[in-house]
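Q: For reference, the structure I am asking about is given below.
The values are calculated or read from the model by the stated rules, or taken from the named source; none is laboratory data. Computed from a prediction, not measured in an experiment: that's the story for all the values here. As a convention, Cβ positions derive from the backbone with ideal geometry for all residues, glycine included, and neighbour counts pool all protein chains shown.
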Amino acid sequence: MSAPNPSGWQPSLGSMGSESVEPMTASGDRGLMLEEPLSFELGSAGKCGVDMDEPDEAPVSGLSSFLRECAPELPGLTEPEVIRHYSRLSRMNYGIDLGPFPLGSCTMKHNPRLNEKVARLPGFADIHPLQPHETVQGALDVIEQLADWLIRLTGMAAVAMSPKAGAHGELCGLLCIRAAHDAAGERRTVVLVPESAHGTNPATAAFAGYKVEAIPATPDGRVDLAALKEQLSADVAGVMITNPNTCGLLEREMKAIGDAVHAVGGYVYCDGANFNAIVGKLRPGDLGIDAMHINLHKTFSTPHGGGGPGSGPVVLSEALAPFAPLPFVTRVADGTLRLIEEGEAAEHAPESFGRMTAFHGQMGMFTRGLAYILSHGADGLKQVAEDAVLNANYVLRACEDLLDAPFAQSGPCMHEALFSDSSLPDGFSTLDIAKGLIDEGFHPMTVYFPLVVKGAMLVEPTETESKMGLDRFILSLRNVVQRAVNADESLHSAPVFAPRRRLDETQAARKPVLVWNGDRDG
Ligand SMILES: *Cc1c(COP(=O)(O)O)cnc(C)c1O
């Protein structure tokens, strides 16, 4: 067994770009900003952290052709080395447990520990999707109760619980819309999507086989209703509208949009990723919406990011409910809960468009989401929306004198405050502000999105930040912006106090290093 490069590790301090400002330390560590090589660079052949039994000489009969011909090239490490390796790597990371994650369009809020405790109960954590229904009645009851809350909070007729993320929920909604048109014997080809939409909206519509047409925005950052009406025809399967939208504004004409779309036989899909701003205050079902995904990992505080499990239940109007995907939970005649699968579809769901997932959905997210809902109650959820909106407006009004806020005149914002770099001196941009925030100890806000605003900075504080926490963030944001306003060239070097300096993004795109070959400079 040989590690590819057992001794060749060199600390790679400083930027991947050209200028190096920091004095070098021999270790590569800078104070408590710790460097860490790959485990392959740390380990060496023959070292081992555990005593393992010798393998059986005789392999299970018939499987000998699957045996390795040579040892795997795994690095040998002691237990302390393994623990330090991952602890040091984890210290390079920034997460919601360290500080605010002010990413607009993401609703990154605190994940209450109570949720984690409940999700780890063996009756939820240790079950298998293929277990007989009678042994998982409690888990099915959680799914049923959560479904009931989502229906009541949105004022819709039904909910499909199996989609595994927001984007997956969008696909579910569009497949319901297509099934409804198919059932009516119609073949529609176009889906309308506003210019400010999250990229998943047009991507989903295209993936579902529709032609995507963009709806322009008005100067105040909302859907242009007149332009939308002009684009409506018997070819339009539906529209996808985000409400509150990605400029952080409420689409006030949602009902008129819905009426116009329904008048030509289309359906209204609402991207509900920003539901945090209106939960408990406004019911999408009252606005003529036919389908909307809810990101449990945003609004309902389940963990989020890093590609971990999300969950994107889709609430449906009466018109679309019959087409919802399999499987779903239902209470049968004897009072027990069961999952309706293909075998029973003819009886319980004859018009279902089919199945999107192998199993029912994300049990862990369902338990976390329901724990969050029950611990807040209906009044608490309303307060979530009010506090989230208050916090975003606090940030907006605290910075609009120093930083351009393109829609500040459009009234109060919803859950997120939108700024742009248009008021900064030449040579200073959104990227400088984002990198400067890292030096201040904050995760940057969402940058360069939505695309309708040049140099956008989208800040979503959420309700879980205290006034003191917001004041600290505002102080730091203002400090970084002031450095830009003063044309302080040192801001171009930010971040300085981070494990990695500013990356050369052009080079990263042009010459990506996709395979590690043991030679860091190769
Ligand atoms: C997060 C988000 C999505 C996508 O949700 P995922 O769960 O990440 O797939 C879609 N639209 C908007 C506006 C979002 O913020």
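Q: Looking only at the range 326-358, count every residue that is assigned to a loop (DSSP other than H, G, I, E, B), closer than 20 Å to Gln145 by Cβ and touching a helix residue (DSSP H, G or I) at 6+ places or on another chain (Cβ under 6 Å) and tell me the total.
A: Total satisfying the criteria: 0.
Q: Among (1) away from the ligand (no atom under 16 Å from the Cβ); (2) out of contact with any strand residue (DSSP E or B) (no Cβ under 7 Å at 6 or more places or on another chain); (3) of a type outside the set (Lys, Arg), there is one condition Phe207 misses while meeting the rest; what is its number?
A: It fails just one condition, (1).
Q: Hey, any hits in the range 343-359 for a residue that's surrounded by 21 or more Cβ atoms within 10 Å (Cβ to Cβ), polar (S, T, N, Q), touching a strand residue (DSSP E or B) at 6+ places or on another chain (Cβ under 7 Å) and under 30 Å from Ser162 (Cβ atoms)?
A: yes
Q: Continuing with this model, one more query. Looking at the range 76-127, which of its residues are within 16 Å of the ligand (Cβ to nearest atom) and either more than 23 Å from Ala371 (Cα to Cα) or among the aromatic types (Phe, Trp, Tyr) (or both)? Outline the logic, then answer.
A: Let us first name the residues in the range 76-127 that are within 16 Å of the ligand (Cβ to nearest atom), namely 96, 101-109, 111.
Residues satisfying the conditions are Phe101, Pro102, Leu103, Gly104, Ser105.
Q: While we're here: Which is assigned to a loop (DSSP other than H, G, I, E, B), in contact with a helix residue (DSSP H, G or I) (Cβ under 7 Å, 6 or more places away or on another chain), outside the structural domain of Pro202 (by TED's automatic domain parsing) and surrounded by 13 or more Cβ atoms within 10 Å (Cβ to Cβ), of Leu424, Leu477?
A: Only one candidate qualifies: Leu424.
Q: Among the residues of the range 273-286, is there at least one that is away from the ligand (no atom under 11 Å from the Cβ) and of a type in the set (S, T, N, Q)?
A: In the first step, residues of the range 273-286 are kept if they are away from the ligand (no atom under 11 Å from the Cβ); the result is 277-286.
If we keep only those that are of a type in the set (S, T, N, Q) too, we end up with none.
No, the range 273-286 contains no residue that is away from the ligand (no atom under 11 Å from the Cβ) and of a type in the set (S, T, N, Q).
Q: Anything in the range 155-191 that is among the polar types (S, T, N, Q) and closer than 19 Å to Thr367 by Cα? List them, or say none.
A: Answer for the range 155-191, where residues must be among the polar types (S, T, N, Q) and closer than 19 Å to Thr367 by Cα: just Ser162.
Q: Look through the range 292-325, keep the residues that are farther than 15 Å from Ala147 by Cβ, more than 11 Å from the ligand (Cβ to nearest atom) and of a type in the set (Gly, Ala, Ser), and return whichever of them is surrounded by the fewest Cβ atoms within 10 Å (Cβ to Cβ).
A: This residue is Gly306.
Q: With the structure loaded, tell me whether Val329 is surrounded by 14 or more Cβ atoms within 10 Å (Cβ to Cβ) and more than 13 Å from the ligand (Cβ to nearest atom) or whether it fails that test.
A: Yes, satisfied.
Q: Under 9 Å by Cβ, and 6 or more places apart or on different chains, what pairs join a residue from the range 290-319 that is closer than 30 Å to Ala256 by Cβ with one that is of a type in the set (D, E, K, R) and within 12 Å of the ligand (Cβ to nearest atom)?
A: Ala291/Glu170; Met292/Asp271; His293/Glu170; His293/Asp271; Gly312/Lys164; Gly312/Glu170; Val314/Glu170
Q: If you check Asp235, Asp220, which single one turns out to be within 21 Å of Leu418 (Cα to Cα) and not basic (Lys, Arg)?
A: Being within 21 Å of Leu418 (Cα to Cα) and not basic (Lys, Arg) holds for just one of Asp235, Asp220, which is Asp220.
Q: Out of the range 167-200, which residues are acidic (Asp, Glu) and either within 15 Å of the ligand (Cβ to nearest atom) or in contact with a strand residue (DSSP E or B) (Cβ under 8 Å, 6 or more places away or on another chain) (or both)?
A: Glu170, Glu195
Q: Moving to a separate point now. Quick one: in the range 157-189, which of the residues that are touching a residue at least 24 places away in the same chain (Cβ under 8 Å) and among the acidic types (Asp, Glu) is nearest to Gly354 (Cα to Cα)?
A: Per the stated criteria, the residue is Glu170.
Q: I've got another one for you. Taking the range 463-496 on its own, how many of its residues are of a type in the set (D, E, K, R) and under 29 Å from the mean Cα position of the chain (by Cα)?
A: Total satisfying the criteria: 6.
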